[in-house]
Amino acid sequence: MSEKAFIDIKNLSIGYSSRSGKVIKVLRDVSLTIKRGESVGLVGESGSGKSTLALAALGYFKRGLRALDGSVSFDGVDMLKLDRDDLQAIRGGRLALIPQNSGQSLTPTLHIGQQVAEALRLHSD
Ligand SMILES: Nc1ncnc2c1ncn2[C@@H]1O[C@H](COP(=O)(O)OP(=O)(O)O)[C@@H](O)[C@H]1O
Ligand SMILES: [Mg+2]
């Protein structure tokens, strides 16, 4: 087993610009490594930024949010530099988020079969 970090988040800050133009930080200087085969638990009160960090590991930021500083690397790939197509090739195949409330994460206007099949269709033959 490789001892190299599989997920390597370094000095990551995430934030948004307020209406007055001030930059508000949601995450400040967060560093975290996960090695292959390792499980890491992240604990914090509601609103402390757990979901924001998990989504950033996938190179995803909720509307308005952006990486202000730091880096996010997955298996040596800089997730903050990839374009949409390259991100899609990784997400749902090699790296996935299992949401806390999966039911709420489904799109109500699409049949469930389409949504379940999407990842398989995109990432397998
Ligand atoms: N799209 C957004 N724009 C601005 N702030 C946001 C956005 N999404 C989340 N936040 C803020 O980021 C903080 C962290 O949220 P979140 O990552 O969902 O926390 P947790 O998962 O730990 O409950 C919260 O204070 C929340 O208000
Ligand atoms: Mg959350």
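The values are calculated or read from the model by the stated rules, or taken from the named source; none is laboratory data. This is a predicted model, so every value here is computed, not measured. Positions of Cβ are generated from backbone atoms using ideal geometry, with glycine treated the same way; all protein chains shown enter the neighbour counts. The protein model used for the area step is the full one, side chains on, heavy atoms only, and it has no ligands, DNA or RNA in it. Shrake-Rupley method; radii C 1.70, N 1.55, O 1.52, S 1.80 Å.
Assorted remarks:
- Sites residue 87 and residue 39, calculated FRET efficiency, Cβ-Cβ separation with R0 22 Å, nearest 0.05: 0.40
- Karplus-based coupling profile of the range 30-39, in residue order and whole Hz: 9, 10, 7, 10, 10, 8, 4, x, 8, 10, with θ = phi - 60° in 6.51 cos²θ - 1.76 cosθ + 1.60 and x standing for Gly or Pro.
- With only Cα atoms counted, the range 28-87 has Rg and Dmax values of 12.1, 34 Å.
- Sequence ranges 85-91, 115-121, ranked by mean other-Cβ count within 10 angstrom, highest first: 85-91, 115-121
- For residue 68, the residues whose amide H sits under 5 Å from its own are 13, 14, 15, ignoring neighbours fewer than 5 places away on the same chain, with H placed 1.01 Å from N.
- Here the spin labels are modelled as points 7 Å beyond Cα on the Cα-Cβ line, and at residue 50 and residue 123 they lie 2.2 nm apart.
- Viscosity 0.692 mPa s, 37 °C: Kirkwood-radius Stokes-Einstein D of the chain over Cα pairs, µm²/s: 204
- Estimated purely from DSSP H runs of n ≥ 4, each contributing -39500 (n - 2.57), the mean residue ellipticity at 222 nm for the chain is -6500 deg cm²/dmol once divided by its residues.
- Solvent-accessible area, 1.4 Å probe, carbon plus sulfur percent, for the range 5-123: 50
- Contour excess over end-to-end distance, with Cα ends at residue 32 and residue 101 and 0.36 nm allotted per residue: 22.4 nm
- Lys pairs under 19 Å by Cα in the chain, provided they are eight or more residues apart or on distinct chains: 11
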